[in-house]
1. Only one of (1) assigned to a loop (DSSP other than H, G, I, E, B); (2) more than 28 Å from A:LEU697 (Cα to Cα) is not met by B:PHE79, so which one is it?
2. For region B:100-215, please list each of the helices (runs of 4 or more DSSP H) lying entirely inside it that holds at least 3 residues being exposed (fewer than 10 other Cβ atoms within 10 Å of the Cβ) and at pLDDT below 85.
3. Residues that are touching a residue at least 12 places away in the same chain (Cβ under 8 Å) and within 14 Å of another protein chain (Cβ to nearest Cβ): does region B:48-66 have at least one?
4. Among (1) surrounded by 15 or more Cβ atoms within 10 Å (Cβ to Cβ); (2) out of contact with any Phe, Trp or Tyr (no Cβ under 9 Å at 6 or more places or on another chain); (3) of a type outside the set (A, V, I, L, M, F, W, C); (4) under 28 Å from A:HIS834 (Cβ atoms), which single condition is A:LYS648 missing?
5. Checking A:ARG1027 against (1) closer than 26 Å to A:CYS818 by Cα; (2) out of contact with any Leu (no Cβ under 9 Å at 6 or more places or on another chain): exactly one of these is not met. Which one?
6. Looking at the structure I just gave you, is A:SER586 under 33 Å from the mean Cα position of the chain (by Cα) and more than 14 Å from every other protein chain (Cβ to nearest Cβ)?
7. Quick test for you: out of A:ARG866, A:ARG930, A:ARG883, pick the one residue that is in contact with a helix residue (DSSP H, G or I) (Cβ under 6 Å, 6 or more places away or on another chain), within 14 Å of chain B (Cβ to nearest Cβ) and buried (at least 24 other Cβ atoms within 10 Å of the Cβ).
8. Take A:ASP695 and tell me if it is of a type in the set (Asp, Glu) and within 41 Å of the chain's Cα centre (by Cα).
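The values are calculated or read from the model by the stated rules, or taken from the named source; none is laboratory data. Computed from a predicted structure; not experimentally measured. All Cβ positions, even for glycine, are placed from backbone atoms using ideal geometry, and neighbour counts span all protein chains on display.
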Amino acid sequence: MSAPGPANPGSSISYNQNSTPNGGAAPAYQNGPAQTNPSVYPPTGYYGAPPLQQSYPTIPAHSNPVPSKAPLTNSGHSVNYYQNNHQQQQQHHHLPQHHVAASSYSASPSQPPPPSITQYNQQPFQQQQQQQQQQQHPPYTTPGSYYGQQQSYQAPPPQQQHPSLVPAPASGTGAPIYPIVSYPSPQGSSQYGTLSSMQSTTSTPGVMPVQMGAPLHQYNTSQPASTPPVQPGYGVVLPSQTAPTVNGQGSTAQTTVQQHYDQSHQALQSYDSYGRVIHSSGGADTERTPSRTPSTSVHSSPGHHKGMQYGYVANSGASSAATSGPAASAAVAPSSSSSDEDDDDDDEEDEEAGGDTSSSTTGSASPVPNNYDSLEGGNYPDSMPPANDMTNQAQPYGNYGYPSMQPAYLQGAAPHTDSSPAHDLYGQSYQQSSQPFPNMSQLSAALGGLSGVPELEVEALRPVNLLQERNLLPPRPLEAPEPNLSADLKKVNCSPHTFRCTLTSIPQTQALLNKARLPLGLLLHPFRDLEQLPVITSNTIVRCRSCRTYINPFVTFLDQRRWKCNLCYRVNDVPDEFMYNPVTRSYGEPHKRPEVQNATVEFIASSDYMLRPPQPAAYLFVLDVSHNAVEAGYLKYFCESLLKNLDKLPGDTRTRVGFLTFDSTIHFYNLQEGLSQPQMLVVSDIDDVFIPSHDSLMVNLKESKELVKDLLTSLPAMFSQTRETHSALGPALQAAFKLMSSTGGRVSVFQTQLPTLGAGLLQSREDPNQRSSSKGVQHLGPATDFYKKLALDCSGQQIGVDLFLLSSQYTDLASLACISKYSAGSIFYYPSFHYIHNPAQLEKFQNDLERYLTRKIGFEAVMRIRCTKGLSIHTFHGNFFVRSTDLLSLANVNPDSAFAVQMSIEDSLADSSLACFQAALLYTSSKGKRRIRVHTLCLPVVNQLSDVYAGADVQAVTCLLANMAIDRSISSSLSDARDALVNAVVDLATSYKSSVSNLQQSGLVVPSSMRLFPLYILALLKQKALRTGTSTRLDERVFAMCEFKTQPLQQLMRMVHPDLYRLDNMSDQGALHLNDTVVPQPHLLHLASERLSRDGAFLMDCGNVFYLWIGKNCNDMFIRDVLGCNNYASIPPNMSHIPELETPLSERVRAFLDWLQDNRAFSSTIHIVKDNTSAKTNFFQQLVEDRSESASSYQEFLQHVQRQISKDLTREQTD
Amino acid sequence: MIALTMIARVVDGLPLAASIEEDEQSGRDLQQYQSQAKQLCRKLNTQSPDRCTLEAGDMDFHYLIAQGICYLCLCEASFPKKIAFAYLEDLHNEFYDQYGKKVNTAMRPYSFIEFDTYIQKTKKTYVDSRARRNLGSINTELHDVQRIMVANIEEVLQRGEALSVLDTKASNLSTLSKKYRSDAKYLNTRSAYAKVAAVAVFFITLIIYLRFWWL
């Protein structure tokens, strides 16, 4: 809604700034593209590209919508989301018009909409003209129009025609912004030429439509879609818009609009529908009533076997089952009797659920009421408890959690306490009783509306105009926001590395959540390597009797003998054993027990949690030994690595290992103790695989260690002469399944090519010409369900399959990945792996393998996530199999994989001030111990939109959106997913502007807590997984998607938005001192090439790889002291390590690198990037704020978003 | 064929070690047997007979209690009892050697799961028919095998349950008798009232009769 006027000065200022850092150097390089482009790349292909066609018509179409366009974009899949979403948006966009109308359009109140439209249309038209000009340009002048065009955003027309080839510094203003142009290799290698020429062409406005074209259509189509009952609502509102509104009027109008908004939204789906529309709006009602059994049993019906939707997709009955484990399991039990295969599953689930019943094998044995209705009244939010009960329940919470709370937060609890005279009843009962609570709350109730937000949040809520503020990054990598809790709770709360919520202040109602336009979800890293973890051995594990929640620091002790569950509010007894505290050896202090003092604990499970004796650690290695594999040469390095780490494999004396190799046949290895050497058994009947010998193929590692070593040393040579090119991966996996099914364990598959024989054979589906297509990417889903079915079988037998894909060719990872996705495995991918030609991949492979072999592992695991009643989990992301509504079956669990869940708010959370989430992971350790790791997270509940924004966790939101976008791009299309991401930014800015910031500020304003959101979304759009237009191999794209789903948040964020530091001028200011090493802390830099300078050295931390970029004029001392080379020219081109030199500078650099690596699971490789090496493209690709060959720069993106917002507004004004 | 082996502490039935069985070929559903075994270990106490065979369908449980540790195995009914007990003896000797002192301090279930390796090896020698012949000659001294008590697993497991059934029945009975008693009382009073009423009616009629007919 900001008119271009105010925005443009801002950007032009910044562009000018850009030119200063390396203005001197840039011009010299500008000649590069000008000479190389035309010869290498004929421009025709790009100018004729469809995006242009799409984009331009749509811009005029905006003012007069063309209904016939509708079917084009509104594909079947997107209907749900876009209808809902855009109806919301429409309603939404009313809001801004009330208070904003006065500001941004105040100049012309008499004719509000038209001027803005023309303004916006003008700009594209200019560009269009220009672009036409450009088409007519002879190739050599292309750069000219390119530079001119840049300035069209900011500068008057004369400057547009500025001949850019003039090497004067003044004309080079644009150059530093667009790095790829300004640092081309002088040789003009073909690769480079491609990049720059593409950039110059796509930098025309034709780029933007790739992103904005589609939304435009959809806005149009959503207009007819808006339902008649809603429109009267608009009708009421509209008059007040057109009249110049006074503030008072505006606010009243706003409330009416909000009512409309709220009402209609209860029926609609909100963000839930983003990923997939799963739970029907009716579902919320049915699950409350006793008839919920049918709704869950639908889920466990035969679909259970096929399970096509299960892995990611949520559960139809999802609803509130998260808090009602036993109830759900009881409901499942009847249907499970229909199939033997499911018996095991459900039993195990009961084991987890029905912990203290005596070895229950049927769901009905759990002693827990099947339904919430049978709980005591008053704890049940929608049964309207009497006021007295409500206080009982609200008051201890308020008291416990918020002894010294800020006024705004009290509003939730205050009314309850005030309304009842009995509030002191529990006030005295427990330790924190002496707070002057009632007075506080009365005061706050009085002040609540006026006093605004607490001080803490002022910073988080500060509106940030993104178009003006350029320095958004904090000096250090972003930390998770702290939830606004009392100090006591904060101290015990779960670490954000383990458990993170997208909103650290949970909105009270779904309506409020909808209004915030942010997704609600959790990001979990449950099996993370922890430095310290309280392990508790006790006979009885204290759990809530109704929802099976483990006792945790956020429960309330009513008195010595009773505690109230913080998830379902049931009052439970404290068992005798719990009265004794083993840590302090004292009696009668249940609240001092370690369970109640730590949010992350691990219990040693009793035998009730075991369905069978704990399995031994079992590892089976399935190795591809076809010609292709031998060519790539991985086998030798695998064997070396395994030999080295054989003793470090997690396990005890029972550890079992086995090997299986395959090409067109399957080879087993008899390693039975007592043999003189390993025996190879070949099974050539791949159509009906059988196991040649039963007890000698998986052998005890300790007893057969010599034989295993023998095998590993001889294996690489055994197949060196093979000519067999076929690969029977499917049958080999079937064999592995049969071999492991009696124990369960881990299967590691190494595959180097497309499976060509037997079951599960695959065809190449990738069309290399489509790699850079911007239209959409096909074949993101599996080609066959063979791998998925096998994975589900594996999961049932507690076998996890990990996939190592080392290939140079297309290998259809989309299909193969299923084997790991559903069996909770991990996927590793090494594109174009070759042991000689690709040392970088080899090093990565070796590093990964070492970590993989030695990292912790949990077997036969299940994980359940419970949350406070009223919240419900509906979609899971990650690698697992959803066994029942809220139980994730993890055949193997490893410390490097993470999970995400999406949640919705089913009931108002008004009657409690805290919301809690508990993830319990039951697993068998490699030493045969059954353990339960429990994480509990506690967050405040708020009822103000501003508080929701203040608590938003931008990184978590980004990661959750990334997960949702991946789902969406597989289920619908990539462009849909991208649009949805852009819309997320638009929605946020619109809703923030309309509802929270009452500043009459123009420009793109977001809350400070979310100021990095557009940047992160832009970075996401430029990731391999989601980018379009750039040549991306299908396998790499699919792998990037898999990583999005399973990487923990920190790692993912570093991949999406790497950290950039300048290393050559590190000072000791703010340095960390860790065990007598000084770790300097350089400032974080924006990922824009304007931040780079030619005389510096910059480190980019991309999570699994570091790039150290050395500027051409980098001072020789740094090169000498750190890299050990004399000068820039003598740095070898493929340098990939930092030598250990004795110089202080080197020590500091290495200390810093070590420190960065410290908490990382997989050790990262480092690449020294010089200007003329090929790694440079990788480095510059990560500079997400720059314009790239097919995607816009950050500023352009912001302008696009802003245009999008004002478009929504103007359209609604014309309506 | 020995399908399942389990070692547990008798005092509280805590499982100490067990052997994962290969049910690949037999395809039997061992789940049920496993839970039975678990329950059995919980039921056993120091008063239980030292050696016992429990029939469970076409399978037999054999158990042996020594030094407060129970060794339990599940075999096909056709598997010679003598061998089964020899096998349990063997396990006991080895297990007690290795872990005997630690048994009483064990806290968590399956603390000595590593014994599984030995169990599997031993099992193999006893199951293998050729090796068995040799063993058979060694273990002839196990002559009292015939006197080992045989019972049905269901009976053993349900022994406790029967008592509780009896208990509920008795309590039902007592509530019923209480009810009967109150009912009887009520009836008694009712009949007494009826009698009084009848007499009263008779006298009133008499009086009326006397009043109107005699005067």
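1. Evaluating B:PHE79 over (1) assigned to a loop (DSSP other than H, G, I, E, B); (2) more than 28 Å from A:LEU697 (Cα to Cα) leaves (2) as the failure.
2. Those helices (runs of 4 or more DSSP H) span B:129-138.
3. The answer is no, given that none of the residues of region B:48-66 is touching a residue at least 12 places away in the same chain (Cβ under 8 Å) and within 14 Å of another protein chain (Cβ to nearest Cβ).
4. All conditions are met except number (1).
5. (2)
6. no
7. On inspection, the qualifying residue turns out to be A:ARG930.
8. It is false that A:ASP695 is of a type in the set (Asp, Glu) and within 41 Å of the chain's Cα centre (by Cα).
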